[in-house]
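The values are calculated or read from the model by the stated rules, or taken from the named source; none is laboratory data. Please read these numbers as outputs of a predicted model, since none were measured by experiment. Note that each Cβ is placed from the backbone with ideal geometry, even for glycine, and that neighbours are counted across all protein chains shown. To get the accessible areas, we keep the full protein, side chains included, count just its heavy atoms, and leave off ligands, DNA and RNA. Shrake-Rupley method; radii C 1.70, N 1.55, O 1.52, S 1.80 Å.
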Amino acid sequence: MLKMRVIPCLDVKDGRVVKGVNFVDLIDAGDPVSQARIYDAEGADELCFLDITASAEDRSTLYDAVRRTAEECFMPLTVGGGIRNTDDIRKLLLAGADKTSINTTAVSNPDFVREAAEKFGSQCIVVAIDAKQTAPGKWEVFTHGGRRATGLDAIDWAKRMAEMGAGEILLTSMDRDGTKSGFDIALTQKVADAIRIPVIASGGVGTLDHLVDGIRDGHATAVLAASIFHFGTYRIADAKAHLAQAGIPVRL
Amino acid sequence: MTTVVIDYGSGNLRSAAKALERAARESGADGRVLVTNHADSLRGATRVVLPGVGAFADCRRGLAKVPGMEEALKQVVLKEGRPFLGICVGMQLLADRGREFETVDGLGWIKGEVAPLVPSDPKLKIPHMGWNQLQMHRKHPVLDGIENDAHAYFVHSYALTAADPKDLIATVDYGGAVTAVVGRDNIIGVQFHPEKSQATGLKLIANFLRWKP
């Protein structure tokens with residue numbers, strides 16, 4: 001039986017791990033490789049690096065962190081943030097990433113997703129969608145770390161990205177991110193039910209019950225969290241055991 | 001003693017090569033790993049690994065484009081019988097043909113076809129992505145020490161169906177039985193990614209490095 005995935009996410013800036021609340025107020029807290037090693041040993045199902053300063057800055061620190069991680073961790077690694085062209089993807093894959101997550105560039109140039117999927121295969125193209133609720137039952141796609149509205153409906157956008165060849169959707173509720181109040185379940189369920197490709201729920205995890213909700217009620221097949229693991233509030237093994245107890249298939 | 005990983009422009013060869021090096025180091029098996037797109041380098045190989053991600057037809061064309069590679073593969077694998085491991089699309093390419101977007105001939109080393117996954121439960125997501133449990137159909141030296149129900153990391157939307165049940169070594173359940181491992185003689189192919197399957201994957205790779213078919 002296919003197991004539901006628990007994915008710890010490390011926010012990386014200048015090659016160092018940080019984690020913010022609502023994407024501001026960042027706290028420096030460590031080396032990505034040592035963090036990755038711990039998650040690998042604890043049985044995380046995948047690992048995600050989000051490069052949050054990715055703008056125009058020198059990305060060599062990121063490639064170096066990916067390279068050092070891939071040398072030690074034999075688990076799937078997704079890297080996102082600041083990917084603008086197929087050359088950025090190629091460099092990350094060569095450094096040792098297995099998947100790349102595309103957000104802003106997908107919005108500014110949707111054909112890029114098709115081009116990337118055709119060139120590298122859908123399995124390594126994750127489209128990240130940052131969504132905010134704008135009305136009851138309506139969510140809008142935002143970019144630039146939640147600062148810029150796009151006018152795109154999140155559910156329609158997810159469908160379009162799936163058609164373009166995305167292998168997976170990483171769905172983050174900007175309303176919940178950093179709040180520890182749980183995933184936006186209504187959003188997650190609407191997106192997951194609308195598309196055939198897997199959805200990773202993200203944004204708002206504060207307790208292990210939230211992980212259960214994301215899969216059982218949100219219909220996600222993977223859950224992503226940063227703070228609860230990073231600051232040691234819960235271990236990966238606690239999360240897995242809790243999901244198993246709730247009857248959700250996980251790899252123990 | 002050189003394990004050659006064939007580079008034909010498909011996917012993440014670094015992780016496959018790193019996993020081979022790590023498994024070799026930990027198990028004391030054959031050490032050297034060479035990633036190459038030169039057919040000549042293949043002739044000196046003790047073992048051959050064909051990775052592959054993406055679409056069947058793209059991979060098939062990518063492989064055909066490397067000058068002399070197919071002839072060299074036939075020589076070292078089919079004629080000289082050196083151990084061969086195909087991973088993901090590198091395993092699917094063993095089939096007679098693939099039906100992904102278009103119908104394209106494979107290497108034809110394992111009788112069978114590659115076709116879209118059609119899980120019995122329409123709610124199951126495509127691609128089949130994540131950790132799933134191996135169901136062993138028979139023993140194989142490359143799976144030695146890997147328990148029935150061991151987890152491996154899969155990501156694929158198409159699967160190989162072997163024409164000869166003798167070639168089927170393990171399956172995985174995803175709305176029905178899906179081929180996970182095929183093989184005959186000195187050839188083995190795995191649908192999952194051993195280089196991403198943590199301890200189980202490293203075990204499989206170490207077994208492959210010691211395998212004397």
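Okay, here's what the table says:
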| item | result |
| --- | --- |
| Matching entry among A:Phe74, A:Phe142 (being farther than 30 Å from B:Arg25 by Cβ and touching a residue at least 12 places away in the same chain (Cβ under 8 Å)) | A:Phe142 |
| From A:Val191, A:Val250, residue being farther than 27 Å from A:Pro32 by Cβ and within 14 Å of chain B (Cβ to nearest Cβ) | A:Val191 |
| Residue within the range B:110-128 that is open to solvent by less than 10 Å² (accessible area, probe 1.4 Å), within 30 Å of A:Val6 (Cα to Cα) and within 14 Å of another protein chain (Cβ to nearest Cβ) present | yes |
| Candidate set from the range B:177-202 (those that are facing chain A (nearest Cβ under 10 Å) and part of a loop (DSSP other than H, G, I, E, B)); member that is nearest to B:Leu117 (Cα to Cα) | B:His193 |
| Of the criteria (1) at pLDDT 95 or above; (2) within 14 Å of another protein chain (Cβ to nearest Cβ); (3) surrounded by fewer than 23 Cβ atoms within 10 Å (Cβ to Cβ), which one B:Trp131 fails | (3) |
| Count - residues of the range A:66-107 that are basic (Lys, Arg) and in a helix (DSSP H, G or I) | 4 |
| Sole exception among (1) part of a helix (DSSP H, G or I); (2) away from every other protein chain (no Cβ under 14 Å); (3) of a type in the set (A, V, I, L, M, F, W, C) for B:Leu85, by number | (1) |
| Residues (open to solvent by 70 Å² or more (accessible area, probe 1.4 Å) and away from chain A (no Cβ under 12 Å)) located in the range B:137-176 | B:His137, B:Arg138, B:Lys139, B:Pro141, B:Asp144, B:Glu147, B:Asn148, B:Thr161, B:Ala163, B:Pro165, B:Lys166 |
| Complete set of residues in the range A:206-235 that are in a loop (DSSP other than H, G, I, E, B) and among the aromatic types (Phe, Trp, Tyr) | A:Phe231, A:Tyr234 |
| The one condition in (1) assigned to a helix (DSSP H, G or I); (2) crowded, with 20+ Cβ neighbours inside 10 Å that B:Thr3 fails to fulfil | (1) |
| Subset of the range A:109-127 that is open to solvent by 10 Å² or more (accessible area, probe 1.4 Å), of a type outside the set (D, E, K, R) and away from chain B (no Cβ under 14 Å) - its residue that is nearest to B:Gly54 (Cα to Cα) | A:Pro110 |
| Subset of the range A:2-22 [modelled with pLDDT of 80 or more and within 28 Å of A:Asp213 (Cα to Cα)] | A:Leu2, A:Lys3, A:Met4, A:Arg5, A:Val6, A:Ile7, A:Pro8, A:Cys9, A:Leu10, A:Asp11, A:Val12, A:Val17 |
| Criterion: within 15 Å of A:Met75 (Cβ to Cβ) and not basic (Lys, Arg) - qualifying residue of B:Ala180, B:Ala170, B:Ala199 | B:Ala199 |
| Residues within the range A:147-179 that are surrounded by fewer than 16 Cβ atoms within 10 Å (Cβ to Cβ) and on the phi > 0 side of the Ramachandran plot, tallied | 1 |
| In the range A:154-167, the residues that are among the charged types (D, E, K, R) and within 18 Å of A:Gly218 (Cα to Cα) | A:Asp156, A:Lys159 |
| Candidate set from the range A:144-170 (those that are in a strand (DSSP E or B) and under 19 Å from A:Gly204 (Cβ atoms)); member that is farthest from the other protein chains (Cβ to nearest Cβ) | A:Leu170 |
| Hey, A:Thr207 over 20 Å from A:Gly80 (Cβ atoms), at pLDDT below 95 and more than 16 Å from the chain's Cα centre (by Cα) or not | no |
| Condition met for B:Leu50 (within 14 Å of chain A (Cβ to nearest Cβ) and hydrophobic (A, V, I, L, M, F, W, C)) | no |
| Among the candidates B:Gly183, B:Gly201, residue that is among the small types (Gly, Ala, Ser), under 16 Å from B:Ala150 (Cβ atoms) and touching a residue at least 60 places away in the same chain (Cβ under 8 Å) | B:Gly201 |
| Residue within the range A:23-44 that is modelled with pLDDT of 90 or more and either within 14 Å of chain B (Cβ to nearest Cβ) or open to solvent by 20 Å² or more (accessible area, probe 1.4 Å) (or both) present | yes |
